[in-house]
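Worksheet for the structure shown next.
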Amino acid sequence: MPRMVALAEAQDPQWGGKARGLARLIQAGLQVPPGFVAVGGVPPSDELQPWLGRLNGSSLAVRSSASWEDHQQASAAGQFLTRLEVPPEPHAIRQAMEECRASLTAAPAETYGAELLSKEVRGEEAGMAVVVQQMVAAVSSGVLFTQDPRQPKPAGSGTLLIETHPGQGEQLVAGRVNAFQYRVARDNQQFSNQGPLSAELLQRLIKEALWAESQLGEALDLEWSIDARGQLYWLQARSITTLDLPQIDELDHLPEDPQNVWYTRANVGEMLPGAATPLTMSVFGEALNHAMRRLYVKSGGLSRADRDRPFVASFSNHLFFDLNQIYAIAGRVAGTTCEALEISLLGRTVSDRPPVTQKGRAFRLFNFLRYLKYLLGHKRALAKLPRLVAQGLESRAKDTENCYQAIDAWLPNYRRITARHLQVSAWSGAFNGALRALLEKGGLDRALQQQFMGELLSRVDGVESAAIIQGLEAIAAALPPESPPAADKLLAWLQSPAGLAQPAGRLFATLLSEHGHRCVREAELRERPWRDQPQLLVTTLAAMRGRPAGRAEQPAALDPEQKVSEICSQWPKINPKALHFFTRHCRQGVRKREYSKSLLIQAGARLRDAYRELAQLLEQDGQLPDPDLIFFLSHAELGQLVAGQNTQSLQTRARHRQRLYPQQMDLRFADFCRGIPQPIADVPDPDRVQDTWQGMAVSPGRARGLVRVLRSPADAQKLRPGEILCAEFTDVGWTPLYSLAAGLLTEIGSTLSHGAVVAREYGLPLVSALDGITRSLKTGDQIEMDGGTGKVIRIKQ
């Protein structure tokens, strides 16, 4: 049965969101056009007539008021029907009311509700009430946000946003006309007088809107109109539903003193270049943070007061090391210096660094012994790694709760694996630093140190990641003439019975079995491994076919003993025995570090598979509309989702994060910065003409040729044999392209980076730490590069 009440009495949810919002404004003492609300159907004309008689004016507004309209989860703005300028006659009003009610089940509203609102909010029997109000003969109308939705701030701060347009506001809220905007600071309520509204009217709008916000207890999206007499009417009040939605900086770290904190993308940017998804940040980021804290605690490099401060911070989902934490060890452990840390991370020293408190000599010597004990434990850590990785997730149950619990129970094991890998890596890095210090003590400048380091660490046998290139070369050499030349058809052939009957097909299957868990940005859980997406491997094979295995131009195998003797003869201050000792352990360290990294990636691959299985289960249960959304929730948020808590809110949050992710991936940051890292423009400076660059020499050799700038290995098909590959970074996922390139230039990298290790083993010249090189060079430029000196020259044609 249809029922009607005066607008001021429509406080109950049954009268719909719009009516309830207007009733709350009336209760707050604000001026709202008079009207009534009908629910439960369209009233007959005889019941409608008395209510119409109480309204003045020649026309009325008939407006929808759905049960879930103007809800805190979603506004449903514009999803339902409104009829304006309706004659105050029962027949016309009844027809308008029927049309408003019918809009509840129209396709746009149905789709909107299904995507943005939980079933509990939509309800099993969603209702539609209808508001009938006196029309305002508006001379100006607009909207007012008590908190600018584009710049969310904590409650009570930020900016009010006011938009206005002459006449009725329907064209404005429908987005059909441009509005004049006022932005008013909440703290001092100052605004510019330049605009169509008088200062007095603006002050009234601000005062009444802030009063409404205080009375309704939330930030509001308000609609208003002013008639020819200057009377201000409030036409709608809804929650600002986007204030708590993710922004591009939603997960940013907030340091206590933003002006006195230093960050670097170096090293961590090699492990995970680009933006990380929230799931990866909560899993890999936390594991890395745990591993760093363990190193510093065991070595005494961290005070008790700083133990809870994270080593890894995120800005726009890009991971950074907190250098204030990193530098602390230089004042607490003998033998460590800020300069050595910078060379290890950045490949250079910097003048602007945080102050480091120096502890007493005895304190630092004692901690040196603790640090030495930690380093010597790398053998035990390396021996444990295979057993830790073998403790897999094969017993995952086929329901969401048990699957999540199995993953959750395995995460401490993943953190232990990460910590053991870091221990092995620290041992390798310590000997690398000691070797560099020995060369420096012998009188070599930094350029020569880097050159000799690259030469001494070249052609290390048994580097696991280098086996990928060797495997590809063997497959390319084994491809029979009848195999398809095109990459897409070649993949199908290699995996067909005909291909598997040939050596090339069997070698390809072996390569995927041994290295199929690797991929580009392999610490990122969202990335697909080669076994799922082998296109990059096959594209490289198609370009390699017909070429002899190995690089004809690669230098002869290095004899480390001979190189050490050569260096000592040129630099007699260097102790030969010490140089032999440190070189031998550095080369062993490279091999061990690459092996432990491969085990860490295997562990990450197991987690990746487990999370993808959980995503499928969540989709089957209706808890995730898209399996890819799992990567845009943290591990803890996934726990809430599995438990059935905040399901709709988490789905909405994940969807918005997914939409923001490409923007985050496009951001670029400097490798070293003081204060909150800010994105840098990804365009060349037209006023800066540069034809020479000095980078870090990490893999010896010279090359001359055309440049190919690549943003990702997805563009691998563009690389031509003999071109010099220029990229922001290279990790193991890029190594298939090494067999095609004549040389490598990267913005991020170091002597011990995984890309550098493979390049040296393969005899490929590589210059790293070339900040901005992907923006300065363009595809087709001709250059000369020297991986032994780090010099790059553009050749003018």
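Remark: accessible surface ordering of Asp308, Asp715 (largest first) is Asp308, Asp715, probe radius 1.4 Å. Normalised by the number of residues in the chain, the average gap of Cα pairs under 8 Å and 6 or more apart makes the relative contact order 12 percent. Specify the longest stretch of the chain that does not include any exposed loop site, a site being one of the trypsin sites (Lys or Arg not before Pro) with a non-H, G, I, E, B DSSP assignment and at most 14 other Cβ atoms within 10 Å. It works out to 399-572. Residue order by solvent-accessible surface for His635, His165 is His165, His635, largest first, with ligands and nucleic acids left out and a 1.4 Å probe.
Database remark: amide H of Leu319 closer than 5 angstrom to the amide H of Ala276 (H placed geometrically; neighbours at sequence offset of 5 or more, or on other chains; Pro and chain starts carry no H).
DSSP beta bridges fully contained in the chain are about 90 percent antiparallel. Heavy-atom accessible area for Tyr404, with the other protein chains in place and a 1.4 Å probe, reaches approximately 30 Å². Taking 0.36 nm per residue of separation and subtracting the Cα-Cα distance, full extension of the segment from Arg361 to Arg659 would add 101.9 nm.
Taken along the Cα-to-beta-carbon direction at a fixed 7 Å, the label points for Glu440 and Ala228 span 8.4 nm.
Region 587-629 gives an Rg/Rh value of 1.35, both radii derived from C-alpha positions and Rh following Kirkwood. Entry note: region 283-341 has Rg to Rh equal to 0.98, where both radii use alpha-carbon atoms and Rh is the Kirkwood radius. Which percent of the Cα-Cα distances in region 443-575 go past 21 Å? Considering region 443-575, 55 percent of its Cα-Cα pairs are separated by more than 21 Å. Restricting the calculation to Cα atoms, region 722-794 yields a radius of gyration followed by a Dmax of 10.9, 30 Å.
What separates the Cα centres of region 507-545 and region 1-32 is a distance of 62 Å.
Multiplying the residue separation of Arg668 and Thr779 by 0.36 nm and subtracting their alpha-carbon distance yields 38.0 nm.
Rolling a 1.4 Å probe over the protein heavy atoms leaves Leu740 with an accessible area of roughly 10 Å². Would you be so kind as to identify all helices of the chain, as entire DSSP H runs, whose Cα atoms reach 24 Å or more along the helix's own axis and whose mean Kyte-Doolittle hydropathy is at least -0.5? Flagged H segments are 199-216, 400-441.
Quick check: from the Cα gyration tensor, does region 350-493 come out rounded (a/c under 1.5), prolate or oblate? Since a/c reaches 1.5 but b/c is at least a/b, the shape of region 350-493 is classed as oblate. In region 481-640, the inverse of the mean reciprocal separation of distinct Cα atoms equals 20.2 Å; this is its Kirkwood hydrodynamic radius. With bins 20 Å wide beginning at 0, the percent of Cα pairs of the chain falling in each bin runs 14, 37, 28, 17, 4, 0. Rolling a 1.4 Å probe over the protein heavy atoms leaves Ser513 with an accessible area of roughly 100 Å².
The values are calculated or read from the model by the stated rules, or taken from the named source; none is laboratory data. Keep in mind that what you see is a predicted model, and the values were worked out from it rather than measured. Cβ: placed from backbone, ideal geometry, glycine included. Neighbour counts: every protein chain shown. Side chains included, ligands, DNA and RNA excluded: accessible areas come from the protein's heavy atoms. Shrake-Rupley method; radii C 1.70, N 1.55, O 1.52, S 1.80 Å.
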